[in-house]
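Contents: one structure, followed by commentary.
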Amino acid sequence: MERLDTTFIFNGSTAPSRAVVRVGLILISSDEVGGDAFRKIMPDDEVSVFTTRGSCEDSWEGFAFKSSFKEVADTLPPADRLDVLAFSCTSATVELGIEGLLSELSAALPGVKYTSPAIAAIEALNQLGAKKVALLTPYPLSAHRSSVNFFEMHGFTVVADGTFDKFTDAEIGELQRDSIFAAANALVEASDPDAIFISCTATPVVQYIDQLEAELGIPVVTSSQAMAWDTLRLAGYNKPILRFGRLLATSR
């Protein structure tokens, strides 16, 4: 300890964070569910999640932040303090395209790895060996059809699809468990898929994945769950995580 005039200057000891994975998470301003769902999956003692939000119009006429991706990413810790940057919007990835989104993210925060729910869903479904996929979204019909096209363009056969036809994230976030389960069951019964993908980080389904898998008898992949899985995969974190479906219960 030193003393300068009347001010004490203490020798404070420091130690590195115990986190083995550090994630920057970009949410859209209207999503009331996705951030909590993502963090719920992550092991608290080994993964640090730093969250920011970008303001955007709650509209399906086209995605754009009111500020740039870089301005949003600049509110996160610098790249040398992060392993992965995750952009938490499925429909925006579909609209921008994978290459378009990755270009935005890499320009906004160079030097880390990148993922989003739609990018992660492709990786996750391939990991599970799923070729025939049932697709459930909450989106308006035009956005839903774009999602169907996106997965078919990336090599999957969408054998059944359905939507709740909701227009705001607030509505999507209030979807009830029974409605989600009934819709998922109807799609699976109609098509015998290898897996079902439930889209949108605002859909409140992460806490029910294990129950829904037991009921359906096939893997359930959701937006926030897939993005969490891909984030950990990209960071080299391979420990199984239970309670959130077969995808996370296996090594990455």
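The values are calculated or read from the model by the stated rules, or taken from the named source; none is laboratory data. Remember, predicted model here, so these are calculated numbers, not experimental data. Neighbour counts run over all protein chains shown; Cβ positions are idealised from the backbone, glycine included. Side chains included, ligands, DNA and RNA excluded: accessible areas come from the protein's heavy atoms. Shrake-Rupley method; radii C 1.70, N 1.55, O 1.52, S 1.80 Å.
See the values below:
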read-out: Candidates Gly12, Gly97 - the one that is on the phi > 0 side of the Ramachandran plot and not aromatic (Phe, Trp, Tyr); value: Gly97
read-out: Test: residue in region 32-48 that is surrounded by 19 or more Cβ atoms within 10 Å (Cβ to Cβ), farther than 21 Å from Arg233 by Cα and not basic (Lys, Arg); value: yes
read-out: Subset of region 132-148 [in a strand (DSSP E or B) and over 9 Å from Asp161 (Cα atoms)]; value: Lys132
read-out: Count of residues meeting criterion [out of contact with any Gly (no Cβ under 9 Å at 6 or more places or on another chain) and under 30 Å from Ala64 (Cβ atoms)] in region 2-29; value: 3
read-out: Output for region 184-206, where each listed residue is surrounded by fewer than 19 Cβ atoms within 10 Å (Cβ to Cβ), at pLDDT 95 or above and aliphatic (A, V, I, L, M); value: Ala186
read-out: Any hit, region 107-127, residues being loosely packed, with under 14 Cβ neighbours inside 10 Å, free of Cβ contacts under 8 Å to residues at least 40 places away in the same chain and of a type in the set (A, V, I, L, M, F, W, C); value: yes
read-out: Search result, residues across region 181-224 that are acidic (Asp, Glu), in contact with a Pro (Cβ under 9 Å, 6 or more places away or on another chain) and free of Cβ contacts under 8 Å to residues at least 40 places away in the same chain; value: Glu213
read-out: Filtered residues of region 35-61 (kept if at pLDDT below 95 and closer than 11 Å to Ala228 by Cα); value: Pro43
read-out: Odd one out for Phe38 among (1) closer than 20 Å to Ala118 by Cα; (2) out of contact with any Ser or Thr (no Cβ under 8 Å at 6 or more places or on another chain); value: (2)
read-out: Subset of region 82-107 [closer than 15 Å to Ile122 by Cα and part of a loop (DSSP other than H, G, I, E, B)]; value: Cys89, Gly97
read-out: Filtered residues of region 143-170 (kept if out of contact with any strand residue (DSSP E or B) (no Cβ under 8 Å at 6 or more places or on another chain) and at pLDDT below 95); value: Phe167, Thr168, Ala170
read-out: Whichever residue in region 233-247 is in contact with a Leu (Cβ under 8 Å, 6 or more places away or on another chain) and part of a helix (DSSP H, G or I) and, among such residues, is nearest to Cys200 (Cα to Cα); value: Leu247
read-out: Qualifying residues in region 152-183 (those that are of a type in the set (Gly, Ala, Ser) and within 20 Å of Ser142 (Cα to Cα)) - the one most open to solvent (accessible area, probe 1.4 Å); value: Ala170
read-out: Residue satisfying condition, being touching a residue at least 40 places away in the same chain (Cβ under 8 Å) and open to solvent by 20 Å² or more (accessible area, probe 1.4 Å), within set Val72, Val20; value: Val20
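Quick grid of which residues meet (1) in contact with a helix residue (DSSP H, G or I) (Cβ under 6 Å, 6 or more places away or on another chain); (2) closer than 30 Å to Ala182 by Cβ:
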{"site": "Gly100", "(1), (2)": "no, no"}
{"site": "Glu104", "(1), (2)": "yes, no"}
{"site": "Tyr114", "(1), (2)": "yes, no"}
{"site": "Pro117", "(1), (2)": "yes, yes"}
{"site": "Ala124", "(1), (2)": "yes, yes"}
{"site": "Pro138", "(1), (2)": "yes, yes"}
{"site": "Arg145", "(1), (2)": "no, yes"}
{"site": "Phe150", "(1), (2)": "yes, yes"}
